[in-house]
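So the structure is just underneath, and the comments pick up after that.
Coordinate-derived values only; no laboratory data. Quick caveat, the model's predicted, so the values are computed rather than measured. Virtual Cβ from ideal backbone geometry, glycine too; neighbours counted across all protein chains shown.
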Amino acid sequence: MAKATARAGSIEQLLAAKEIVVCCGSGGVGKTTTAAALAAMAATRHGGRVLVLTVDPARRLANALGLEGFGNVETRVPDSAFEVAGVKPRGELYAAMLDTRQSWDDLVHRHAPDKATETAILENKLYQNFAGRFVQSHDYIAMERLYEIHASGTYDLVIVDTPPTRNAVDFLDAPERMEDFFTSRFLRLLIAPYKSRLISLASKPFYQVADRILGTQFLQDIAEFFILFQSMYAGFVERARSVSELLRDRRTTFIVVSTLEAAPVHEAEYFVSELEHRKLHLGAIVLNKVLPLYFLDPESARVAARLHERAKEVAAAAATSDENEADVARVLDEVAESYLRFTVVAQREAEQRNELAASPEVVATVPYFDADIADLGGLLRLGAKIW
């Protein structure tokens, strides 16, 4: 992929200059579908190997790509799916969905200092619950997986579909939080008696209270788990710092997806401010379900206003012999008034677009679609609107 030397003027130029694109947004704004559409367009127009990776537990990406299912291992979207959509891609499109437990197991295989430690961690009951259910473990391993995929050099472009906005902020902070936890004073206090028989007088009250609340066996299990994990500490810290550097790299950009409804716009503004605070690159904002531009045409609005004022006069001229003039006038008046209401909403949307356009390199809008997008053809139609 080419490297950026200037601000992008379109989504097409932006994606051509990047290797990682992170799509963020609140729930229900079309973020997953947008990520898949961007990946499909990049594979079709730019070529190369493109991967769309979802870390959203809702598992909507398979339906958006028309796949029966996929998991932690990247699955190629077959050429036949593009043929059905009537296109011949220049490149290859792949999809994967984060399997939290499998990704943690792979991390243990990679960072455990020896086979005995690896087996002990994988068989530890607390690890099994931690890897499969602990929310923060999902956020951290998502970043680990993204780094692993990018570092492999297999793909020219990786597009990441994140959880809803505020969870996506957790996704960004997960490496640092995990590092902080494994170096925290609380954890040192918890495992100290199991690493040494010597407990200071100052620490004894902590262990006495913890033992009464949690039980001796549970404390031992926790201590064993984290002592084992600390054997992989160096790998964790190094990877966490590498991930943070990757997110700030010029090869990485963020796309915020939203609609122009009040709550999603508020969430989009919040995430834009978080990206700016973290000095992360905001490449684009994609606005879905935007009213058509013809509602902003002054002449059309004037026609609607005249029709609203002269509905009875127009009805008298337009009504046929078997139509009641009053009925025709009422319909014409309702149509004109409805159009005028849409022009007000369209003006408000235009103002919101202008406000949001202050930060990103690109603002792309997508109109309402008559039907849900459920196949590759629909994704490419959506992608063409953004491109």
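Multiplying the sequence separation of residue 266 and residue 302 by 0.36 nm and subtracting their Cα-Cα distance, what value in nm do you get?
Working it through step by step, the gained length comes to 9.7 nm.
Check which residues have an amide H placed less than 5 Å from residue 92's amide H, if you skip close sequence neighbours.
48, 49, 50
Across the range 43-55, in residue order, what do the Karplus-derived ³J(HN,Hα) couplings come to in whole Hz, using 6.51 cos²θ - 1.76 cosθ + 1.60 with θ = phi - 60° and x for Gly and Pro?
Once θ is set to phi - 60°, the couplings for the range 43-55 become 5, 6, 8, 8, x, x, 9, 10, 10, 10, 10, 9, 10 Hz.
Taking the number of other C-beta atoms within 10 Å as the exposure measure, put 154, 365 in order starting with the fewest.
Listed from fewest to most nearby Cβ atoms, that is 154, 365.
Post the alpha-carbon centroid distance, the range 285-309 to the range 346-372, in whole angstrom.
One Cα centre to the other: 15 Å.
Give, in nm to one decimal, the length gained when the segment between residue 90 and residue 353 is fully stretched (0.36 nm per residue of separation minus the Cα-Cα distance).
91.4 nm
Each residue of the range 330-338 in order: what ³J(HN,Hα) in whole Hz does its phi give by Karplus 6.51 cos²θ - 1.76 cosθ + 1.60, θ = phi - 60°, with x for Gly and Pro?
5, 5, 4, 5, 5, 4, 5, 5, 4
Could you list 345, 52 in order of exposure, starting from the residue whose Cβ has the fewest other Cβ atoms within 10 Å?
The most exposed by this proxy come first: 345, 52.
Report the calculated FRET efficiency for residue 68 and residue 176 (r = Cβ-Cβ distance, R0 = 30 Å), to the nearest 0.05.
0.20
R0 = 30 Å: FRET efficiency of residue 250 with residue 227, Cβ-based, nearest 0.05?
E(calc), rounded to 0.05, equals 0.15.
Using Cβ contacts closer than 10 Å as the measure, can you line up 333, 139 from fewest to most?
Lowest count first: 333, 139.
Can you tell me the FRET efficiency between residue 335 and residue 381 if r is taken as the Cβ-Cβ distance and R0 is 30 Å, rounded to the nearest 0.05?
That pair, residue 335 with residue 381, gives E of 0.60.
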